[in-house]
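Structure first, commentary second.
The values are calculated or read from the model by the stated rules, or taken from the named source; none is laboratory data. As the structure is a prediction and not an experimental result, all values here were calculated from the model. Neighbour counts are summed over all protein chains in view; Cβ atoms, including those assigned to glycine, are modelled from backbone coordinates with ideal geometry.
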Amino acid sequence: MDGAKPTETVAGAKGPIGVWRKIPGIEGLHVDAPMLTKPSPDIASLIAKRRPGYTLDAPFYLSREIYDLDLEVIFGRHWIFVGVEPDVPEPGDYIALELGANSVIIIRDDDMQVRAFHNVCRHRGSRLVNDAQGSVGKLVCPYHQWTYDLDGSLLHAEHMTSGFDRKCHSLKPVHLRSLAGLLFVCFADEPPSDFDEMQRTMEPYIAPHAVRDCKVAFAADLIEEGNWKLTIENNRECYHCASNHPELTISLFEYGFGFAPEELDEDRRQALAHYENIVAGFEQTWNAEGLPWQEIDHLDGRPTGFRTQRLAIDQAGESQTMDTTVASKKLLGALKTKRLGGLSFWTQPNSWHHFMSDHVVTFAVFPLSPERTLLRTKWLVHKDAVEGIDYDLKKLTEVWQMTNEQDGTLVGYTQCGVRSRAYEPGPYSPYTEGLVDKFCNWYIKRISAHLPQPR
Ligand code: FES
Ligand SMILES: [Fe+2]
C-alpha cells in the first residue's frame, strides 16, 4: 500500500510563484475540529504509564479524543510554523490556513508589516477568505461586504446605525512572529515566552541565508495517511535513511544522526573516518565564513522546543541535489561560497528546515484528522533568480519530492501497524532515535502541563 497521496498539479493558481503545484483551497483541506475540551481519566492514565525510550501507546495515534486534545493544547497553545515572509512579498498578499477550529489569515499590510488575523468576520462570523493564498486591496467579507483594511481595522459596514462604532469591530489579531523570515503563529492569549530565546539563538544561524530576500520557487502538499506525531517522529531520525532514501543519501551522511560504535566493522570504521575528516574541513570553512555551526538541542524541556545543526554534505558538498552541486546559480544573501553544507533547524511541534548556500527548503506539518496529516513543503531561491536561467525546477525539488513521498509511505505503513491489536510500544535505538524520544517526552510533558491537576 502506498501510504501517501500527493496532490495533483493544477495550473494557473494565483500568487507570486512562477510555477506552483497548487496548494488546495482551505476548504479542500478541511480540518476535523475539536469536539470536546475535557480530557478523560483514560488520557491521564495513558500519560502516566508512558515509558521513556519507547513509542507511544496506540490511542495517541488513533483516538479522536487525543487528537482533539492535540489540536487544543499542542496546536492551540504553542508556536506553530505556518509559512515564510516570501509567501506574502507585496502589500495585500495573504496566505490562509486552518488549525483545528481556528482559521488564520497572514497578510502583508501597506506598511510592509506582516500581520495575522482570525479569519472570522466581526459581523456574523463568516470566513473572510476561502483560498489558501491570494492578493487583495482590502479584506471584503463575501457575506455582507464588511470591508477591512490590511491592518485589520473595519473601514466600511453598510446599513448599521449611526451609533455603530467601527473601531470596536476590527479583525481579531493572532500572535505572529517572524524568525529571520520564518513565520510562526500562536492562538493562545499568552503565548509561550521562550520564543524570544529561540529567536535570539537562531537569528545568527539563519540570517546569512537571507530568507526575506528569497522567493518561493515551488510548493507542494503531501497528505500522509498517518497521525501527525508519526510524521514528526519519522522526521526526527535517520535510522531509516540508508534503506529508504537513495536520493537523499547521495548528499546526506547518516553518521551525522548517531550510530552504534560497537557495530562498526572495518569498512564502516573507514567510512566514519572519511565522514569525520569531511566534517573537520567544513568546520574550518564555516569558521572562515563566520557561520555559527555548533549544535544546539532544546527539543525537550521547554514549550518551544528546537534544535539546530550545520551538517556536512557529501561529494561536491554544496546542496541537497542529485549531484550535490547548487540548484541555483544566485547564492543567498551575501554568501559567496557554494560549498557550505547545510544548516538544519527543527522546531516542535511542527516544522523542520534546511538552509544551503543556494536554496532553502521548509517543511510544515498540519494535522487533518486523527489518521491524516498534511506535509507542506516550500523551496526558496534568491528572489532575483530566474527559472530556466539561474535554476532548474526539477534539480531544485527532486530530492525532497522523492524523499517526502518515501517518508509518507513509511508513515502510512506505521499507521496501519499501530491500528493492529498486536501493536505495543517498541524500543527506540539509543544511538539513532534519541531525538524521536525527545519529541515524545516533550509531547507528553506539554499535554500533561495542560491536563487538569488532581486535587
Ligand atoms: S458576516 Fe461578514 S459582512 Fe456579514
Ligand atoms: Fe525520511
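Would you confirm whether or not segment 222-240 contains a residue that is in a strand (DSSP E or B), within 16 Å of ligand 2 (Cβ to nearest atom) and crowded, with 17+ Cβ neighbours inside 10 Å? If you could, list the steps in order and put the result at the bottom.
To start, the set of residues in segment 222-240 that are in a strand (DSSP E or B) comprises 222-224.
Applying the additional criterion that residues be within 16 Å of ligand 2 (Cβ to nearest atom) yields 222, 224.
Add one more test, that the residue is crowded, with 17+ Cβ neighbours inside 10 Å, and what stays is 222, 224.
Checked against the condition, which is being in a strand (DSSP E or B), within 16 Å of ligand 2 (Cβ to nearest atom) and crowded, with 17+ Cβ neighbours inside 10 Å, segment 222-240 yields at least one hit.
Test residue 320 against the stated conditions and say whether it is closer than 29 Å to residue 227 by Cα and over 17 Å from the mean Cα position of the chain (by Cα). Write out each step before concluding.
On the way: closer than 29 Å to residue 227 by Cα: yes; over 17 Å from the mean Cα position of the chain (by Cα): yes.
The answer is yes for residue 320.
Would you mind finding the one in 316, 327, 288 that is away from ligand 2 (no atom under 16 Å from the Cβ), within 25 Å of residue 210 (Cα to Cα) and in contact with a strand residue (DSSP E or B) (Cβ under 6 Å, 6 or more places away or on another chain)? Spell out the reasoning first.
Values: 316 fails: in contact with a strand residue (DSSP E or B) (Cβ under 6 Å, 6 or more places away or on another chain); 288 fails: in contact with a strand residue (DSSP E or B) (Cβ under 6 Å, 6 or more places away or on another chain).
One residue alone meets the criteria, 327.
Mind listing whichever residues of segment 395-442 are without any contact (Cβ under 8 Å) to a residue 60 or more places away in the chain and part of a helix (DSSP H, G or I)?
Selection gives 417 alone.
Kindly state which helices (runs of 4 or more DSSP H) lie completely within segment 38-79 and contain at least 2 residues that are under 24 Å from residue 374 (Cβ atoms). Break it down stepwise before answering.
Working: elements: 41-48, 59-62, 64-69.
Fully inside segment 38-79 and qualifying: 59-62, 64-69.
Does any residue of segment 95-116 turn out to be surrounded by fewer than 16 Cβ atoms within 10 Å (Cβ to Cβ), modelled with pLDDT under 95 and not assigned by TED's automatic domain parsing to the domain that holds residue 210? Before you say what the answer is, go through the steps one by one.
Restricting attention to segment 95-116, the residues satisfying the condition of being surrounded by fewer than 16 Cβ atoms within 10 Å (Cβ to Cβ) are 101, 109-113.
Keeping just the survivors that are modelled with pLDDT under 95 gives 101.
Add one more test, that the residue is not assigned by TED's automatic domain parsing to the domain that holds residue 210, and what stays is 101.
The answer is yes; a qualifying residue exists.
Results for (1) away from ligand 1 (no atom under 16 Å from the Cβ); (2) under 30 Å from residue 63 (Cβ atoms); (3) modelled with pLDDT under 90; (4) within 21 Å of the chain's Cα centre (by Cα), shown as yes or no for each residue.
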| residue | (1), (2), (3), (4) |
| --- | --- |
| 225 | yes, yes, no, yes |
| 235 | yes, yes, no, yes |
| 244 | yes, yes, no, no |
| 253 | yes, no, yes, no |
| 263 | yes, no, yes, no |
| 268 | yes, no, yes, no |
| 277 | yes, no, no, no |
| 283 | yes, no, no, no |
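Considering (1) surrounded by 15 or more Cβ atoms within 10 Å (Cβ to Cβ); (2) more than 16 Å from ligand 2 (Cβ to nearest atom); (3) of a type in the set (A, V, I, L, M, F, W, C), say which one residue 280 fails and leave the rest.
Tallying (1) surrounded by 15 or more Cβ atoms within 10 Å (Cβ to Cβ); (2) more than 16 Å from ligand 2 (Cβ to nearest atom); (3) of a type in the set (A, V, I, L, M, F, W, C), residue 280 fails exactly one: (1).
Inspect all residues belonging to segment 437-445 and state whether any of them is under 25 Å from residue 342 (Cα atoms) and of a type in the set (A, V, I, L, M, F, W, C).
Kept after step one, since they are under 25 Å from residue 342 (Cα atoms), are these residues of segment 437-445: 437-439.
Then drop every residue that is not of a type in the set (A, V, I, L, M, F, W, C), which leaves 439.
Within segment 437-445, one or more residues are under 25 Å from residue 342 (Cα atoms) and of a type in the set (A, V, I, L, M, F, W, C).
Of 176, 183, 155, 128, which residue is within 16 Å of ligand 1 (Cβ to nearest atom) and assigned to a strand (DSSP E or B)?
Details: 176 fails: within 16 Å of ligand 1 (Cβ to nearest atom); 183 fails: within 16 Å of ligand 1 (Cβ to nearest atom); 128 fails: assigned to a strand (DSSP E or B).
Testing whether each residue is within 16 Å of ligand 1 (Cβ to nearest atom) and assigned to a strand (DSSP E or B) leaves just 155.
Residue 166: exposed (fewer than 12 other Cβ atoms within 10 Å of the Cβ), within 13 Å of ligand 1 (Cβ to nearest atom), on the phi < 0 side of the Ramachandran plot and more than 29 Å from the chain's Cα centre (by Cα), yes or no?
Numbers: exposed (fewer than 12 other Cβ atoms within 10 Å of the Cβ): no; within 13 Å of ligand 1 (Cβ to nearest atom): yes; on the phi < 0 side of the Ramachandran plot: yes; more than 29 Å from the chain's Cα centre (by Cα): yes.
Taking the combined requirement at face value, the residue does not satisfy it.
Could you figure out which of (1) without any contact (Cβ under 8 Å) to a residue 40 or more places away in the chain; (2) surrounded by fewer than 19 Cβ atoms within 10 Å (Cβ to Cβ); (3) closer than 30 Å to residue 287 by Cα isn't true of residue 194?
Unmet for residue 194, out of (1) without any contact (Cβ under 8 Å) to a residue 40 or more places away in the chain; (2) surrounded by fewer than 19 Cβ atoms within 10 Å (Cβ to Cβ); (3) closer than 30 Å to residue 287 by Cα: (1).
I'm checking my understanding of the structure. Among residues of segment 131-142 that are more than 13 Å from ligand 1 (Cβ to nearest atom) and under 27 Å from the mean Cα position of the chain (by Cα), which one is surrounded by the most Cβ atoms within 10 Å (Cβ to Cβ)?
Looking at residues that are more than 13 Å from ligand 1 (Cβ to nearest atom) and under 27 Å from the mean Cα position of the chain (by Cα), I get 133.
Does residue 366 qualify as being more than 16 Å from ligand 2 (Cβ to nearest atom) and touching a residue at least 60 places away in the same chain (Cβ under 8 Å)? Steps first, answer last, please.
Numbers: more than 16 Å from ligand 2 (Cβ to nearest atom): yes; touching a residue at least 60 places away in the same chain (Cβ under 8 Å): yes.
Yes; evaluated as a whole, the condition is true for this residue.
Return the residue satisfying two criteria in turn: it lies in segment 128-176 and is closer than 23 Å to residue 95 by Cα and among the aromatic types (Phe, Trp, Tyr), and of such residues it is farthest from ligand 2 (Cβ to nearest atom).
146
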